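Undergrad: Once you've had a glance at the structure underneath, I'll fire off some questions.
None of the figures in this text is laboratory data; all of them are computed from the coordinates on show. What you see is a predicted model, and the numbers here were worked out from it, not measured in a lab. Glycine also receives a Cβ, built like all others from the backbone with ideal geometry; neighbour counts cover every protein chain displayed.
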Amino acid sequence: MSIDADDKILQDFLVEAGEIVENLGGQLVELESRPGDYDLLNAVFRGFHTIKGGAGFLNLNPLVELCHRSEDVFNVLRQGKRMVDPSLMDVVLQAVDVVNAMFQVLRGGGELAPVDTQLLARLEQLTQPVECVPQPSTAPAQVQSPADTYDLTDQEFEDLLRALPASAPVPQAGVAESSQSDEITDAEFEALLDALQSAPLEKKQPACVPAVKSVSGEIVDEPPSAAPAPTAPVIAENTVRVDTRRLDDIMNMVGELVLVRNRLVTLKAAVDDEQMAVVVANIDVVTSNLQIAVMKTRMQPIKKVFGRFPRVVRDLARSLGKEVVLELQGEETDLDKNLVEALADPLVHLVRNAVDHGIETPEGRLVAGKPGAGRVLLAAAQEGDHIRLVIADDGAGMDPEILRRKAVEKGILDSDAAARLKREDCYGLIFLPGFSTKNDISDVSGRGVGMDVVKTCITRLNGTIDIESEPGKGTHMIIRVPLTLAIMPTLMVTVGAQVFALPLTCVAEILDLDLKKLNSIDGQRVVMVRDHPLPLIYLRHWLSSDGANQPWPESGHVVIVTAGAQRIGFIVDSLIGQEEVVIKPLGALLQGTSGLAGATITGNGRMALILDVPGLMHTYGRRERHSEVA
Amino acid sequence: MDKNMKILIVDDFATMRGIIKNLLRDLGYNNVVEADDGNTALPILRGGGIQFLVTDWNMPRMTGLELLRAIRTDEKLAKLPVLMVTAEAKREQIVEAAQAGVNGYIVKPFTANTLREKIDKVFERIAASA
């Protein structure tokens with residue numbers, strides 16, 4: 001095989017076998033609760049077996065060796081000659097970890113180091129049957145350790161073939177000679193075939209198996225026809241693997257098409273032509289369908305991420321001395337491939353948090369009148385154009401009072417501001433940088449760097465995260481992310497002379513307000529909305545070059561946006577309406593400008609900047625405070 | 001050997017199908033179709049036109065051996081040459097396969113040369129018995 005082909009095969013192998021390794025982790029954890037499940041044992045066996053087979057062709061000998069030993073262990077297990085126990089699982093899980101590490105090395109283009117001989121030796125020990133059920137017919141071969149067996153030679157195989165029809169009653173010379181081994185040679189095989197195929201010629205061969213008779217019978221009775229039968233409709237392979245970069249390109253082009261479609265739809269309104277209107281309406285529908293179809297090609301089940309959690313939870317619970325049952329729901333929920341990848345880290349963090357900080361120790365739980373084993377739920381479901389993910393635990397929950405006190409202690413809020421925080425807003429505090437509720441920092445999840453990173457990740461995906469918690473009952477984290485990243489529904493507004501797009505995920509509601517009655521709290525202008533103070537920002541102050549000196553308008557459209565636990569009113573000069581936009585990254589010079597997520601072309605051909613609401617609040621909110629204080 | 005004969009590769013592991021396909025291509029066989037297990041292979045085989053089958057042994061749902069048995073009981077497919085790909089040459093297994101009517105077996109991993117030898121042997125035997 002050429003080097004190119006080899007490399008391509010290696011890449012394919014890494015992807016496909018990588019999926020098998022991922023599944024193995026989950027299957028092994030499952031095995032702990034259902035140790036005798038034959039199908040599961042068989043699935044694990046086949047997993048190692050398949051990886052071994054592929055690795056053999058790629059000369060990945062350490063991988064072959066490790067998988068071979070692991071496969072042997074599961075062969076013994078599935079034959080019921082040994083039972084699954086925790087110490088066995090520890091060794092096997094360690095083997096899977098090493099396999100995973102090897103995949104990492106291979107992905108990085110590295111060379112595999114030999115496997116730790118101790119691990120191999122321990123796996124080897126596990127292939128020794130514990131209770132040997134007497135099985136007279138097969139026992140001798142099976143008790144043999146792998147080292148004693150050798151592969152059949154061609155000659156042996158030929159002999160075997162020759163010997164076969166009479167195999168049971170008449171032991172033939174060739175067979176007798178090699179029967180010491182449980183592996184066949186090529187020679188024996190050929191002999192076996194000779195025998196099998198010549199036998200039916202004599203028509204009466206009582207020892208012959210029916211299947212064989214029909215085979216060779218056909219060969220003899222009919223002349224060999226090389227011509228294939230007229231081709232009936234062949235069911236072709238119905239899947240192909242496509243490089244995701246190609247899908248990205250297609251998605252990008254569909255994005256452009258959506259922009260042109262939006263332009264056309266706007267133009268149609270200006271041109272009074274019925275035929276044109278029909279064509280444009282058609283294009284509109286087709287483009288929407290195309291967009292959905294392309295989006296679907298990029299979908300992957302979230303199982304890909306969920307699959308790693310049983311292992312994460314098991315290991316963590318073990319190391320913390322806790323008992324945790326993980327429940328997964330909605331693993332088949334599909335979402336954009338990029339999202340699946342981007343969600344992996346935040347989810348791992350939240351699940352680890354739930355086990356580490358949420359679930360109490362078994363003793364603590366019993367004292368609180370709960371079952372000793374905690375429960376963590378990880379659920380996914382599609383909700384319209386969003387995916388809703390829930391990470392729930394039935395642990396200790398969070399106490400708003402403690403959170404308030406912490407915020408004051410850390411100097412994040414003064415005591416008045418803290419006291420004014422609503423209960424839900426208190427939970428939002430944990431997403432602030434530098435906020436950690438545990439005094440003793442564990443090495444598991446509480447370094448105080450996690451939650452704000454989680455929050456940033458989710459926001460970057462145009463998603464939101466909400467917390468519901470009840471002390472003593474547990475905590476629910478609810479994440480909502482859009483199905484796709486490339487196309488975003490927005491609210492178009494104008495500020496000064498410019499058009500801006502606000503991601504619709506951030507927009508809570510739109511109000512027309514009389515702005516003459518403004519109050520001021522903490523140096524921040526607020527208006528009372530349904531008895532709650534809503535901080536107001538005149539966007540023009542932030543976003544126009546001449547904005548700083550503009551007076552506050554007397555009435556205006558207020559777009560209420562949510563950013564994390566905060567709600568803020570943005571005063572805009574006018575509202576244009578909802579529009580689906582394709583996000584185009586900003587040019588190199590503007591890349592990273594805080595408060596801007598990108599740019600897009602509107603239906604009437606103008607450029608609009610897409611606002612990044614959390615980023616905007618982060619940058620300008622601080623500046624506002626400072627200037628007003630000074 | 002007819003380099004244009006239509007070959008069906010059956011393996012649940014796509015990478016393995018790719019490997020075998022590449023090896024066959026190195027030997028000059030380009031007319032190759034694939035199936036991911038016995039259940040999808042059978043309709044293709046019954047559709048006709050396949051002149052040589054290379055199947056893996058250990059597959060979920062329908063194993064290579066079960067596929068072989070199904071083929072041998074099907075009148076139209078009974079004499080289709082079948083090469084079985086296995087991980088090891090366990091006597092018990094191979095004898096079982098031979099009794100079920102396999103034409104050859106090959107142990108993973110193998111080179112293009114070994115594959116050529118195996119294919120040659122299968123077709124020599126068929127030519128001799130014809």
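Undergrad: Please compute the average number of Cβ atoms from other chains found within 10 Å of each residue's Cβ in peptide B:40-51.
TA: Partner Cβ neighbours, averaged per residue: 4.
Undergrad: Next up: Just tell me how shielded A:49-55 is by partners: mean number of partner chain Cβ atoms within 10 Å of each residue's Cβ, no decimals.
TA: Average per residue, whole number: 6.
Undergrad: To continue, here is another question. Filter the cross-link list A:Lys322/A:Lys455; A:Lys337/A:Lys584; A:Lys81/B:Lys90 down to pairs whose alpha-carbon distance in this structure exceeds 25 Å.
TA: Violating the 25 Å limit, Cα to Cα: A:Lys322/A:Lys455.
Undergrad: Let me ask something additional. Using packing as a proxy for protection, rank A:584-593, A:301-310 so that the peptide with the highest average count of other Cβ atoms within 10 Å comes first.
TA: Descending packing order for the listed peptides: A:301-310, A:584-593.
Undergrad: While we're here: With θ taken as phi - 60° and the coefficients 6.51, -1.76 and 1.60, list the Karplus ³J(HN,Hα) couplings across region B:103-120 in order, rounded to whole Hz; mark glycine and proline as x.
TA: In residue order, the calculated couplings are 9, x, 9, 9, 9, 6, x, 9, 9, 4, 5, 4, 4, 4, 4, 5, 5, 4 Hz.
Undergrad: Turning to a different aspect of this structure: Report ³J(HN,Hα) in whole Hz for each residue of region A:345-362, in order, from the Karplus equation J = 6.51 cos²θ - 1.76 cosθ + 1.60 where θ = phi - 60°; Gly and Pro get x.
TA: Each residue of region A:345-362 in turn: 5, x, 5, 4, 4, 5, 5, 4, 4, 4, 6, 6, 9, x, 5, 8, 5, x Hz.
Undergrad: Please enumerate, by chain and number, the aspartates and glutamates with C-alpha under 16 Å from the C-alpha of B:Lys76, excluding those fewer than 8 residues away in the same chain.
TA: Those aspartates and glutamates meeting the cut-off are A:Glu218, A:Asp221, A:Glu222.
Undergrad: Which of the three applies to region B:7-129, rounded, prolate or oblate, going by the alpha-carbon gyration tensor with a ≥ b ≥ c and a/c under 1.5 meaning rounded?
TA: Judged from the Cα gyration tensor, region B:7-129 comes out rounded (a/c under 1.5).
Undergrad: Going Cα to Cα from A:Lys268, which aspartates and glutamates come in below 14 Å? Please leave out same-chain ones fewer than 8 positions away.
TA: Those aspartates and glutamates meeting the cut-off are A:Asp284.
Undergrad: Then there is this: Which of A:Val351, A:Val559 comes first, and how do the rest follow, when ranked by fewest Cβ neighbours within 10 Å?
TA: Fewest-to-most ranking of A:Val351, A:Val559: A:Val559, A:Val351.
Undergrad: Separate question: Taking H placed 1.01 Å from N in the peptide plane, check which residues at least 5 places from A:Ile387 or on another chain put their amide H under 5 Å from its amide H.
TA: Correct list: A:Val481, A:Leu483.
Undergrad: In what order do A:Val348, A:Val454 fall by count of nearby beta-carbon atoms within 10 Å, going from fewest to most?
TA: With the sparsest Cβ surroundings first, the list reads A:Val348, A:Val454.
Undergrad: If amide hydrogens are placed 1.01 Å from N in the peptide plane, which non-local residues have theirs closer than 5 Å to the one on B:Tyr105?
TA: Residues meeting the amide H criterion: B:Met84.
Undergrad: State, as an integer percentage, the relative contact order of region A:1-73 based on alpha-carbon contacts under 8 Å between residues 6 or more apart.
TA: Relative contact order for region A:1-73 comes out at 28 percent.
Undergrad: Let me ask something else. List the GluC sites (Glu not before Pro) within region A:328-394 that fall in a DSSP loop (any state other than H, G, I, E or B) and whose Cβ has at most 10 other Cβ atoms within 10 Å.
TA: Counting only loop positions with at most 10 other Cβ atoms within 10 Å, the GluC sites (Glu not before Pro) in region A:328-394 are A:Glu332.
Undergrad: Given the options B:Val82, B:Val33, B:Val107, state which has the largest fluctuation in a GNM of chain B using a 10 Å cut-off (strictly under) for Cα springs.
TA: Greatest mean-square fluctuation among the candidates belongs to B:Val107.
Undergrad: By the scheme Lys and Arg +1, Asp and Glu -1, what is the net charge of all other residues having a beta-carbon under 11 Å from that of A:Met492?
TA: -1
Undergrad: So, one more: In region B:7-91, which GluC sites (Glu not before Pro) fall in coil by DSSP and have 13 or fewer other Cβ atoms within 10 Å?
TA: For GluC sites (Glu not before Pro) across region B:7-91 that sit outside H, G, I, E and B with at most 13 neighbouring Cβ atoms in 10 Å, the list reads B:Glu75.
Undergrad: May I pose another question? Starting from the Cα of B:Asn30, step 7 Å along the direction of its Cβ; do the same at A:Thr456; then give the gap between the two resulting points in nm.
TA: 5.4
Undergrad: Same structure, new question: Quick one: 3J(HN,Hα) in Hz for region A:13-27, Karplus 6.51/-1.76/1.60 with θ = phi - 60°, rounded, Gly and Pro as x.
TA: Karplus values, whole Hz, x for Gly and Pro: 4, 4, 5, 6, 5, x, 5, 5, 4, 4, 5, 4, x, x, 4.
Undergrad: Ranking A:Met276, B:Met62, A:Met477, A:Met492 by Cβ neighbours within 10 Å, fewest first, what do you get?
TA: Going from least to most buried by this count: A:Met276, B:Met62, A:Met492, A:Met477.
Undergrad: Using amide H atoms built in the peptide plane, which far-off residues or other-chain residues are under 5 Å from A:Glu360 H to H?
TA: A:Ala396
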